[in-house]
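Taking it in order: structure first as structure tokens, then the write-up.
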Amino acid sequence: MSEVVRASGAVHWVGAGLSTGSGLADLCARTDGVRLWHRTADRAAEALDRLGLTGRAAPRAYTLDALTAELAPGDVVVSMLPAPDHAPLLAACVARRAHFACSSYVSDAVLEQVPAAGRAGLVVLTEAGLDPGIDHLFAHALVARAREAIGAGTAASYRLTSYCGGVPAVPNDFRYRFSWAPLGVLNALRSPARYIEDGAETVAARPWEATRRHVVDGEPFEVYPNRDSVPFVEQYGLPPAWKPAGFVRGTLRLDGWLHAWQPVFEELKAGDDTRIAALARELADAYPTTDTDRDRVILEVALEVGTGATAAATGSASGKGASWSGSYLLDLVGDEAESAMARCVSRTLALGVRQILAGALPPGLNRAAETATRSAEWLGELAAEGMEFIRSGDA
């Protein structure tokens, strides 16, 4: 592993879709070397105007070759493109000795390039958005507090739930508002979900079929498992002496979503890739996002730990042991300036980019937070920037 390549101060923000918000403005306020790459230079200029950043960042027409030609050692590339585009961008970064950042999960294609990036002294920052991102910060903070209360070496059982959703602030008949590409939403539903239920690993081939009612601060929602939750038991540093009664990372939807989406689910069960791509376009046309729409982001991460036989299952002490519970809740509504989703994703990602610019992250793979200490620092900075969240529990 080489020493980290010193940041040049230049930031290449690639893509100006639904998740690009005030995080880009934050970076423009801190460095003069920001360039926004979009489909055309005119589209990039329009995005900068919409964000109030005209003259503060340089618009560029994106192609991988054009970006690569402008990269210099120590530059930072921020990918807001779909996940399949991350690996080619990272390859260009490694070739030109530039750092890389995105808000997406780590794909196998990205992971394959991490050793070469590390040897070159480059930072690869991933999972630095909302979900994944802020959810990781909440989880690490909760595990640290529970360790202090229960003891990492004490035999215990636990239940961790992490649910996040972007929904319309004013509920509609569809019970949903697209805050990212419709095809991505549909393909996520087509992917099996693995999680821990009643102490055993469980797989939902069709995640929506595992939907259940979930109450957040007195308000009913519907939640279902998403992706593969199991690797995050290790990533969140849960002590081996604690055994999971339940562990699930999932998606939150408005109450009534399961019923409203039944026609979509029938298509997902029967359709091939071509049909699902067409369905995504149809849904985008049928339920467009307009400038007057307001979105709402809800993220709740909760942890219950107990040394009694039933403590983790019930959230209360069994009378034969100790228990601890805590949670974090983020509930944010978008405004005229930006959507709640764009604020959460772009602000967290910009915070990570600032860490790269300051030389605070080591070469190789980094996520939004991998320690309780870093989580506390990031949460403190986000709170100072006006991102309010509610913390409950002792310690």
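The values are calculated or read from the model by the stated rules, or taken from the named source; none is laboratory data. Note that the structure is predicted; figures quoted are calculated from it, not measured. Ideal geometry is used to build each Cβ from the backbone, glycine not excepted, and the neighbour counts take in all protein chains shown. Ligands, DNA and RNA are stripped out before the accessible areas are found, and what is left, the full protein with its side chains, is counted by its heavy atoms. Shrake-Rupley method; radii C 1.70, N 1.55, O 1.52, S 1.80 Å.
Among Gly380, Gly246, Gly306, which one shows the biggest mean-square fluctuation in a GNM of the chain, springs joining Cα atoms closer than 10 Å?
Among Gly380, Gly246, Gly306, the largest GNM mean-square fluctuation belongs to Gly380.
Going highest first, how would you order 253-266, 122-135 by mean Cβ packing within 10 Å? Spell out each step's value before the answer.
Values: 253-266: 15.9, 122-135: 25.8.
Ranked by mean Cβ neighbours within 10 Å, highest first: 122-135, 253-266.
Students often check this: by mean Cβ neighbours within 10 Å, which of 29-36, 230-237 ranks highest, and how do the rest follow?
Top of the packing list down: 29-36, 230-237.
How much accessible area per residue does the range 91-192 have, in Å², with a 1.4 Å probe?
Values: 3380 Å² over 102 residues.
Here the residues of the range 91-192 average 33 Å² of exposed surface.
Once amide H atoms are placed 1.01 Å from N in the peptide plane, what residues at a sequence separation of 5 or more from Gly33, or on another chain, have their amide H within under 5 Å of its amide H?
When sequence neighbours closer than 5 places are left aside, the close amide H contacts are Val11.
Out of every Cα-Cα pair in the chain, what percent are more than 39 Å apart? If you can, show how the numbers build up before the last one.
Numbers: 13562 of 77815 pairs.
When all Cα pairs of the chain are counted, 17 percent exceed 39 Å.
Which angle from 0 to 90°, rounded to the nearest 10, does the C-alpha axis of helix 134-150 make with the longest principal axis of the chain?
Computed tilt is about 40 degrees.
So, counting K/R as plus one and D/E as minus one, what does the shell of residues with Cβ under 13 Å around Gly9 add up to? Please report the intermediate quantities before stating the final value.
Numbers: positive: Arg6, Arg30, Arg35, Arg354; negative: Asp32, Asp75.
Result for the local shell: +2.
Hey, could you grab the Kirkwood Rh for the range 11-126? Inverse mean 1/r over distinct alpha carbon pairs, Å, one decimal.
It works out to 14.2 Å.
May I have the pair-distance distribution P(r) for the range 170-302, computed from all Cα-Cα distances with 5 Å bins from 0 and rounded to whole percent?
Per 5 Å bin, starting at 0, the Cα pair percentages come out as 2, 9, 17, 21, 19, 15, 9, 5, 2, 1, 0.
Hey, what do the phi angles of the range 171-187 turn into as Karplus ³J(HN,Hα) couplings, whole Hz, using 6.51/-1.76/1.60 and θ = phi - 60°, x for Gly and Pro?
These are the phi-based 3J(HN,Hα) values: x, 10, 5, 6, 6, 7, 9, 5, 10, 8, 3, x, 5, x, 4, 5, 5 Hz.
Once the other residues with Cβ under 11 Å from the Cβ of Tyr62 are scored (Lys, Arg +1; Asp, Glu -1), what is the net sum?
Values: positive: Arg35, Arg39, Arg43, Arg60; negative: Asp65, Glu70, Asp85.
For residues surrounding Tyr62, the net value is +1.
How large is ³J(HN,Hα), in whole Hz, for each residue of the range 30-42 in order, when computed from phi with the Karplus curve 6.51 cos²θ - 1.76 cosθ + 1.60 and θ = phi - 60°, using x for Gly and Pro?
For the range 30-42, the Karplus curve yields 10, 8, 8, x, 8, 10, 9, 9, 9, 4, 9, 5, 5 Hz.
Starting at the first residue of the range 152-163, write each ³J(HN,Hα) from the Karplus equation 6.51 cos²θ - 1.76 cosθ + 1.60 with θ = phi - 60°, in whole Hz, x for Gly and Pro.
My calculation for the range 152-163 gives 5, x, 7, 5, 7, 10, 8, 9, 10, 10, 9, 10 Hz in order.
Would you please classify the overall shape of the range 110-229 from the alpha carbon gyration tensor, given that a ≥ b ≥ c denote the square roots of the eigenvalues, rounded means a/c under 1.5, and beyond that prolate means a/b larger than b/c while oblate covers the rest?
Values: a/c = 1.66, a/b = 1.12, b/c = 1.48.
It is oblate, given that a/c is not under 1.5 and a/b is not larger than b/c.
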